[in-house]
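Read-outs: derived from the displayed coordinates by stated rules, not from any lab. Keep in mind that what you see is a predicted model, and the values were worked out from it rather than measured. Glycine also receives a Cβ, built like all others from the backbone with ideal geometry; neighbour counts cover every protein chain displayed.
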Amino acid sequence: MKKVLLLIVISVISVSSLYSADEKASEAIVRYSDRVKMIIKKNIPLEKKKSEIRKVVDEILDYNELARRSLGRHYKDRSKEEIEKFNGLMRELIETSYMKKITSTIDYKLVVKGESDEEGELIVNTEISSSDGKVQVGFALFRRENKWVIYDLIIDEVSTLKNYKSEFNKIIKEQGFDMVIKKMENKLSELKDEK
């Protein structure tokens, strides 16, 4: 299952720096996936691959939007310093969690199953298959500065963003925002210790 999730993340984060203003979201997702495959197949050290993929992630994944949406109504109550800390931890958790799992050969196939417009934002429905099996993944995107930006993954009909939002909301209500930060720091420390 971890390999399948890694494939999902790789499909999400791959992007080319060149894009067309009239490109369909599904075309962008395919192009993103192809870009990451090219990086993975390069005959370069693993750390260099991670660095190149990290640059791609920064182009396509809007950490600030993910943070804002995952905190929901609690976002407006946070100070600038709290938001910066939260955004930084979110970025580092995502990078540490997924970048450390990249191997030199990952073979997967991404097939676009269609697009749907939900509340003004687009969902590209895909099926990602590998030797580990198949998984249905929806990429939630919106346009920013004439390019598609991903802010959520819907994996087998379960929204990653909604899970974050629910978890953070519960912690904030029961233990306060500082506990969200503490739990994120602890998780990051655990991930780094696994190296």
From zero up to wherever the largest Cα-Cα distance of segment 35-131 sits, split into 5 Å bins and tell me the percent of pairs in each. 2, 10, 15, 16, 18, 17, 11, 6, 3, 0
Dipole moment magnitude, nearest 20 debye, segment 149-195 about Cα centre, only Lys, Arg, Asp, Glu C-beta charged: 180
To one decimal place, what Kirkwood hydrodynamic radius in Å is obtained for segment 76-195 from all pairs of distinct Cα atoms? 16.8
Amide H neighbours of ASP152 at under 5 Å, excluding residues fewer than 5 places away on the same chain, with H built from the backbone geometry, are ALA140
For segment 165-195, which GluC sites (Glu not before Pro) are both in a DSSP coil and crowded by at most 10 other Cβ atoms within 10 Å? GLU194
Please give the charge dipole size of segment 2-190, origin at the Cα centre, charges +1 on K and R Cβ atoms and -1 on D and E Cβ atoms. Round to the nearest 20 debye. 600
Whichever aspartates and glutamates have a C-alpha closer than 19 Å to that of LYS37, once near sequence neighbours (fewer than 8 apart) are set aside: GLU27, GLU47, GLU52, ASP58, GLU59, GLU95, ASP107, GLU127, ASP132
Convert each backbone phi in segment 29-41 into a coupling constant with the Karplus relation 6.51 cos²θ - 1.76 cosθ + 1.60 (shift: θ = phi - 60°), then list the ³J(HN,Hα) values in order as whole Hz, x for Gly and Pro. 4, 4, 5, 4, 4, 4, 4, 5, 4, 5, 5, 4, 7
Flagged as over-length at 32 Å C-alpha distance, from LYS80/LYS109; LYS24/LYS48; LYS49/LYS134; LYS134/LYS182; LYS49/LYS147; LYS24/LYS182, the pairs are LYS80/LYS109; LYS134/LYS182; LYS24/LYS182
On the principal axes of its Cα set, how long, how wide and how thick is segment 41-82? Give whole Å, largest value first. 47, 18, 12
